[in-house]
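The values are calculated or read from the model by the stated rules, or taken from the named source; none is laboratory data. This structure is a prediction, so every number in the text was calculated from the model and none was measured. Ideal geometry is used to build each Cβ from the backbone, glycine not excepted, and the neighbour counts take in all protein chains shown. What goes into the accessible areas is simple: the full protein's heavy atoms, side chains included, and nothing from ligands, DNA or RNA. Shrake-Rupley method; radii C 1.70, N 1.55, O 1.52, S 1.80 Å.
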Amino acid sequence: MSAIAGVWYPDGRLGANADCQRVSRSLALYGPDQEGLWNGGEIALAHRLMRFLPEDRFDRQPLSGRDGRLHLVADCRIDNREELGRALGIDAAQQTVMCDAAFILAALERWSENALDRLCGDFAFAAWDADARTIMLARDPVGNRPLHFHVGQGWFAFASMPKGLLALPNVPTGPDPERLLTWQMLLPLDDARSFYKGIHRLEFGKLAIVDAQGRIRQRRYWNPMAVPLRRGIRDDEDAEGLRDALDVAVKAQLRGTSGTALMLSGGLDSTAIASSAAPMLAAEGKRLQAYTNTPVSDDHRAFASHFLTDEGPLAAQMAALHPNIDHHLVHAADAELLTVIERMIFLADQPVMNPLSTAWSHEIYTRASAAGAPVVLTGLSGNIGMTYSGEHGLIRHAARLRLWPLWRDAGVLVAHSIYPDRTAALRHALRPLLPIDFLARWHRRPGNTITPLAALSAQWENADALAMFARNSGVSAPLARVRNWQHWHQIIMQSRDPGPLNAAANAGYRVDRRDPTSDRRLLAYCLALPEHRFLRNGRTKDVFRRAFAGRIPAEILHTPLSGTQTSDWKSILLKARPAIQAELAHQARVATCGELIDIDGLRALADTLEDAKPEDWGSVQRHYLKLVRGLSTGMFTRRAAGGN
């Protein structure tokens, strides 16, 4: 992880270098090991390095091209260095002394914008073209590295994190109310808004060219909808190809200077990563530190029956297959919940969607860092790639009036806990086929609410907000208009941005969170498979189950239950209730919080936590999901509004 920044005054006024240094200082916690500055007069660039890769010892950013035209700062880990090196004609000996950013610079010099079609890995970069007087900004296809910018009156600035831009006096401060509103509604991030007004984020999978007049030309270079389907592949080929693609991704992401850890659940994604990473590390005489969050109270036993509420035993089965896996149990209940949330909000410059997951992540990061295992592998993108269920095949059945396959596959999805019953499955299959005007009127009917998970103040419960919700709702909201699984994948990707949380893990714990399931090559392989490759043979995730049979214990591979690592939420929240009540009282004194959030409603939920029923989904929505997300939104709003 690194942090990058730049300030540009196209009119030639003085101050770019001094202002860039100001931004760089504010980003020091994201790159404490080395600072690099480049002064180009009208523009200045800065780079802050945190070393995780062996080649980081050669990093001397900002980098300048061979002819002095291009100047680059990059926060990156490039996973196809050898492939790029061959294509660029760089000999193997030279590659070993090149930092990852040097591959990006060489690729830009050779292929210009088209270089982005060749890069695999996590990256965000900015390249100044001195001849054209333009800045190119780009982020990787899934947004694992953050990048933000501000367009001022006659000037432009960018930084990895908003706090870098907020160090400049002419950048406005304060939260963006509409962004916080759509975030609580669980709507897709379909624009460049950040959580701060006046600060934009570069959307992942996009590049932007900024010129001297402040015009920004953007284009999406990575489009899941454009991946061509592979229809003639044999059964044995699709499984073998999936397995190989994951192994390639894992091998590339094991690159580091010390140990490796894994967030290991009892589910498919992390156990597949373990089945790949453990043998690779064992071949080098290395160990894998695996961490699983488990409940400490008995209230998890009352949680919804279709959830696997304690993933410890299944995770232990996976760990037992490999002698070089050291398996550790952690407990979210051990964390000081409000302290952890406050810290993560500061580090990520945004609210956190699930504060209880933040609590157990804190426990894992802390222990992994102390164990000398700063590379922390996760499988966060697995469900939208290699372990996709195949559920959107129902839409195709419904559109073509294939009634028996529709009824049959709906039953399979219910049996595998994708939907609670056939009615819900069929409703999701038919919704995209109905006129949007009809659905919009239905969701504007009297008495309808935006979403039970949003703790919105009363001013947002109005016809305009309902209309916006109906117009823009995403896959997890009532008006999803998903056409196929590639479209669903795109919407899910737009509903989250992992970059700031990855940066927070770097800065707060000095760990590098990496997700092999988000590898561009692996995602492209999965997106090329039609839905029926995933939903067939009377089961979901069929291609995955065939690919990893023999590498994952059968009990894990074939369980119909969905895992959850926050099943003891009631006891955790009861323990933290005094701090929650004090925080909500604090928020009540901040006017901006009251304008955005139903603080009185949240206080009532906190006061009645002992009445929460983990076995009742309505209670889970109110006392758990709505309370903690509203609390997190309020904590961010208080901080961003200057209410500390």
If I take all pairs of Cα atoms in segment 1-75, what percentage of them are more than 22 Å from each other? 22 percent
Mean shadow area of segment 1-154, taken as a quarter of the surface of its Cα convex hull (nm²): 8.8 nm²
What percentages make up the Cα-Cα pair-distance distribution of segment 200-340 when the bins are 5 Å wide from 0? 2, 8, 12, 12, 12, 12, 12, 13, 8, 5, 2, 1, 0
Sequence-distant residues sharing a close amide H with TYR196 (under 5 Å, placed H): ASP176
With N residues in segment 355-433, what two-decimal value do you get for its Cα radius of gyration over 2.2 N^0.38 Å? 1.65
With every protein chain kept in place and a 1.4 Å probe, the residues THR182, THR366 fall, from largest accessible area down, as THR366, THR182
Amide H partners (placed H, <5 Å) of ASP512, local residues excluded: VAL375, VAL376
Mean 1/r over distinct Cα pairs of segment 496-547, inverted to a Kirkwood Rh in Å, yields 13.4 Å
Using a Förster distance of 60 angstrom, determine the FRET efficiency expected from the C-beta separation of HIS586 and ARG13, and round it to 0.05. 0.90
If contacts are Cα pairs under 8 angstrom and at least 6 residues apart, what is the relative contact order of the chain in percent? 16 percent
Where does each of 503-509, 557-563, 518-524, 336-342 land if you order them by average Cβ count within 10 Å, highest first? 503-509, 518-524, 336-342, 557-563
How far, in nm, would the chain grow between TYR221 and ALA604 when pulled straight, counting 0.36 nm per residue and subtracting the alpha carbon separation? 133.2 nm
Along the Cα-to-Cβ line of ASN39, 7 Å from the Cα, sits a label point; which residues in segment 1-31 have backbone N less than 13 Å from it? 14-22
Measure out, as a whole number of angstrom, how far apart the alpha-carbon centroids of segment 241-296 and segment 114-182 sit. 32 Å
Output wanted: per-residue J couplings in Hz (rounded whole) for segment 161-167, from phi through Karplus 6.51 cos²θ - 1.76 cosθ + 1.60, θ = phi - 60°, x for Gly and Pro. 10, x, 4, x, 5, 5, 6
Kirkwood Rh over Cα pairs of segment 540-644 into Stokes-Einstein at 37 °C, 0.692 mPa s: D in µm²/s? 204 µm²/s
Other-chain or far-sequence residues with amide H under 5 Å of ILE597's (modelled H): SER457
Two-site FRET efficiency, LEU574 against GLU113, from Cβ-Cβ distance with R₀ of 60 Å, rounded to 0.05: 0.65
List the extent of the Cα atoms of the chain along each of their three principal axes, largest first, rounded to whole Å. 64, 60, 50
With every atom except the alpha carbons ignored, what do you get for Rg and Dmax of segment 278-422, in angstroms? 19.7, 58
One finds, for ASP131 and ASN170 with R0 = 30 angstrom and r their Cβ-Cβ distance, a FRET efficiency to the nearest 0.05 of 0.60
Rg/Rh for segment 340-390, where both radii come from Cα atoms and Rh is the Kirkwood radius: 1.06
Full-extension gain between LYS286 and ALA424, please, as 0.36 nm times their residue separation minus the C-alpha to C-alpha distance. 45.0 nm
Length gain on complete extension for the stretch GLU178 to ARG343, per 0.36 nm per residue less the alpha carbon to alpha carbon distance? 57.0 nm
